[in-house]
1. What ranking do 178-191, 144-157 get when scored by the average of other Cβ atoms within 10 Å per residue, highest first?
2. Over 21 Å between Cα atoms: which of Lys182/Lys301; Lys80/Lys301; Lys188/Lys238; Lys188/Lys301 fall into that group?
3. Pop out the ³J(HN,Hα) list for the stretch 192-200 in order, Karplus 6.51 cos²θ - 1.76 cosθ + 1.60 with θ = phi - 60°, rounded to Hz; leave Gly and Pro as x.
4. If you take the square roots of the eigenvalues of the alpha-carbon gyration tensor of the stretch 73-161 and sort them as a ≥ b ≥ c, do you get rounded (a/c under 1.5), prolate (a/b over b/c) or oblate?
5. Calculate the FRET efficiency for Met294 and Asp208 from the Cβ-Cβ distance with a Förster distance of 22 Å, rounded to the nearest 0.05.
6. Between Asp141 and Ala77, what is the spin-label point distance in nm, taking each point 7 Å from the Cα along the Cα→C-beta axis?
7. Under the rule a/c < 1.5 gives rounded, and otherwise a/b versus b/c splits prolate from oblate, where does the stretch 237-286 land using the Cα gyration tensor?
8. Calculated FRET efficiency, Cys192 and Thr156, Cβ-Cβ r, R0 51 Å, to nearest 0.05?
Amino acid sequence: MLKSGFVAAALFGLLVMVANRAQAQQAPPAVTPAVQTPSPQSNPAPDARGPNAAPGHKVGGFVPGQKRPPGDPAQIARGKTLFGVNCRSCHGADLRGGDMGGPNLLRSQVALRDQDGELIVPIIQGSRQQMGMPAIPISPDDAKAVAAYVRSVIETIGTQGKPPDEGKPAPSILVGNASEGKSYFEVKCSTCHSPTGDLQGIATKISDPKMLQTAWVAGGERRGRGEDDPKDSARTPKATITLPSGESVEGSLVRIDDFLITVELADGTQRTFRRNGDVPKVAIQDPLKFHRDMLSQYTDKDIHDVTAYLVTLK
């Protein structure tokens with residue numbers, strides 16, 4: 001009897017619990033949202049973006065609209081120097097991230113929202129060491145100068161994250177010594193080229209110094225697709241293939257590796273030959289071989305000096 005009483009009590013409790021749950025699911029309590037009427041005397045909270053923020057713009061982001069007072073040119077110049085010494089390796093010369101893995105400061109909400117170093121300076125002083133940003137041992141004034149430089153770069157950002165240098169003239173590449181470039185040309189280049197022969201008026205033909213530099217380093221002016229026939233180009237390597245039978249095939253080299261060689265014949269067709277060691281015999285005439293070999297020998301000074309000389313050949 002006692003056991004039956006326990007079983008009956010348990011079943012009754014289970015039925016009550018199921019009934020309560022069903023009732024709760026069928027009739028959820030209604031919640032009436034509270035309506036608050038603003039007081040006429042209350043003032044709206046100030047916009048954290050400042051008085052110059054445009055409606056709908058978020059804080060930070062790529063807005064030319066984060067308005068700040070003009071920076072002190074002397075402070076910005078000092079900050080640029082300090083940035084180059086202390087920050088460039090991590091954040092890059094253009095602030096977009098460097099070789100050491102630092103973040104892109106042009107996208108940093110801290111940098112975008114900083115007004116007078118109040119956000120950047122604490123980080124420079126070590127507030128984010130646990131996040132991998134070490135403290136930089138510079139004075140507070142120097143840290144503010146770095147912050148001023150970062151803000152000055154951000155001020156140049158265009159809409160939709162255009163690069164800061166967008167719209168500015170590209171720096172000139174004419175930084176070499178023309179007389180030293182002439183001497184280098186006479187030693188290294190005069191065997192094949194002449195300022196009064198094939199290069200006469202080259203600076204007039206290619207008036208852009210950057211394009212001229214690219215052309216002579218590559219061994220000739222690059223043409224657009226379809227402007228010339230590769231078979232007739234003086235820049236295209238030629239190959240002569242001598243088969244074991246004695247047959248000789250000549251054409252413009254298309255592809256070569258240790259196993260195959262493909263040439264394009266004068267009629268536009270291509271022939272591919274299997275290679276097995278020195279069979280068939282292959283002879284290649286590459287008019288740009290010297291230029292290709294020199295690519296590993298040119299120094300920056302050599303390139304700048306020769307370019308400075310070639311622009312005088314008008």
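Here, each number is a calculation from the coordinates, and none is a lab measurement. Keep in mind that this is a model prediction, so the values were computed, not measured. Here the Cβ is made from the backbone with ideal geometry for all residues, glycine too, and neighbour counts use every protein chain on show.
1. Highest mean packing first, the order is 144-157, 178-191.
2. Lys80/Lys301; Lys188/Lys238
3. 10, 10, 9, x, 9, x, 5, 9, 5
4. rounded
5. FRET efficiency, Met294 to Asp208: 0.50.
6. 1.6 nm
7. Prolate, since a/c reaches 1.5 and a/b exceeds b/c.
8. Using R0 = 51 Å, I get an efficiency of 0.65.
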